[in-house]
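Worksheet: the structure to be examined is printed underneath.
The values are calculated or read from the model by the stated rules, or taken from the named source; none is laboratory data. Here the structure is a predicted model, which is why all the values come from computation and not from measurement. Cβ placement follows ideal geometry from the backbone for every residue including glycine, while neighbour counts extend to all protein chains displayed. Note: areas computed on protein heavy atoms with side chains; ligands, DNA, RNA excluded. Shrake-Rupley method; radii C 1.70, N 1.55, O 1.52, S 1.80 Å.
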Amino acid sequence: MDAAEQAGALPRSRIPDGFAARPEGGHGDVVTDLHLKAEHLATGRIRERFPHDRILAEQTGEHHGDGNGRTWPGLQS
């Protein structure tokens, strides 16, 4: 919960400063540098606490564990 709250607070704290955005996919979606930073924060916190687990993240894809842990599916920023 703490990692999710911190990752959610990151974009809110940066909106007044502006952010970079780029197209993603062919359906009009965009990804911002804030998406990537929030996802990095969340995946890093999970990895610190559960180093054996596999993480499936929306922006950065699969983060492999050692095969002895669980899978965190669909982590979205």
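Quick notes
- Subset of the range 53-69 [more than 18 Å from Arg22 (Cα to Cα) and open to solvent by 50 Å² or more (accessible area, probe 1.4 Å)]: Arg54, Leu56, Glu62, His63, His64, Asp66, Gly67, Asn68
- Remark: pairs (first residue in the range 56-74, under 28 Å from Val30 (Cα atoms); second residue surrounded by 11 or more Cβ atoms within 10 Å (Cβ to Cβ) and basic (Lys, Arg); Cβ separation under 8 Å; 6+ apart in sequence or on different chains) = Glu62/Arg54; His63/Arg47; His63/Arg54; His64/Arg54; Thr71/Arg54; Trp72/Arg54.
- Among all positions in the range 30-48, there is at least one residue which is at pLDDT 75 or above, exposed (fewer than 10 other Cβ atoms within 10 Å of the Cβ), not aliphatic (A, V, I, L, M) and not in a strand (DSSP E or B).
- Boolean, Gly74 is outside any strand (DSSP E or B), modelled with pLDDT of 70 or more and on the phi > 0 side of the Ramachandran plot: no
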